[in-house]
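Undergrad: Below is one structure. I have some questions about it.
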Amino acid sequence: MISPSMNPGSQPDPEIFALLQDLWQRHLPSTRERLELLEQAVHKAVSNTLDEDTRVEAQSVAHKLSGNLGMFGYKDAGEIAGEIEHLFKTFVPSATPQLTSYMERLRVLLQGHI
């Protein structure tokens, strides 16, 4: 379901809201896949087995999630996905705890919505 904070203080046009909800529902499978890929990349970072291909893919996926989540009104989750993107872009092993923390926060923010 679309985030209720999407249009604070205003009621969206019912037709537009319905279209956005339908679009969100159609994006859910790819959103779930992207979150799972990020989880796997974070686990690899934690276990010190993150390879370059996985790092690049995780950076790209986080970028896509950031845009999609923001577009559907999940501003905070989109911002966190952007932080995850940045950490994968400039990945150093010492950033792993921060990466893990961001991933946990992202899951909490999206709980009940995905």
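Every number here is computed from the coordinates shown, using simple stated rules; none is lab data. All of these numbers come straight from a predicted model, not from anything done at the bench. Here the Cβ positions follow ideal geometry from the backbone for every residue, glycine too, while neighbour counts run over all protein chains shown.
Undergrad: Give me the percent of Cα-Cα pairs in the chain that sit more than 19 Å apart, rounded to a whole number.
TA: Counting every Cα pair in the chain, those more than 19 Å apart make up 44 percent.
Undergrad: Cβ under 15 Å from Lys75's Cβ, Lys75 left aside: what net charge do those residues give with Lys, Arg +1 and Asp, Glu -1?
TA: Residues close to Lys75 contribute a combined charge of -2.
Undergrad: Determine the calculated [θ] at 222 nm for the chain from helices alone, applying -39500 (n - 2.57) to every DSSP H run no shorter than 4 residues and normalising by the residue count; nearest 500 deg cm²/dmol.
TA: That comes out to -25000 deg cm²/dmol.
Undergrad: Using unit Cβ charges (K, R positive; D, E negative) and no other charged atoms, how large, in debye to the nearest 20, is the dipole of the chain about its Cα centre?
TA: So the dipole magnitude of the chain works out to roughly 120 debye.
Undergrad: Ordered by packing density, taken as the mean number of other Cβ atoms within 10 Å over each peptide's residues, highest first, how do 108-114, 39-45 rank?
TA: The densest-packed peptide leads the list: 39-45, 108-114.
Undergrad: Counting alpha carbon pairs within less than 8 Å and at least 6 residues apart, what relative contact order, in whole percent, applies to the chain?
TA: 29
Undergrad: How much length is gained on full extension from Asn48 to Asp22, taking 0.36 nm per residue of separation minus their Cα-Cα distance?
TA: Length gained between Asn48 and Asp22: 5.4 nm.
Undergrad: Taking only the alpha-carbon positions of the stretch 66-114 and ignoring solvent, what does the Debye formula give for the base-10 log of I(q)/I(0) at q = 0.16 Å⁻¹?
TA: At q = 0.16 Å⁻¹ the computed log10 ratios are -0.43.
Undergrad: Quick check: net charge around Arg105, other residues with Cβ under 15 Å of its Cβ, Lys/Arg +1 and Asp/Glu -1?
TA: Local net charge: -4.
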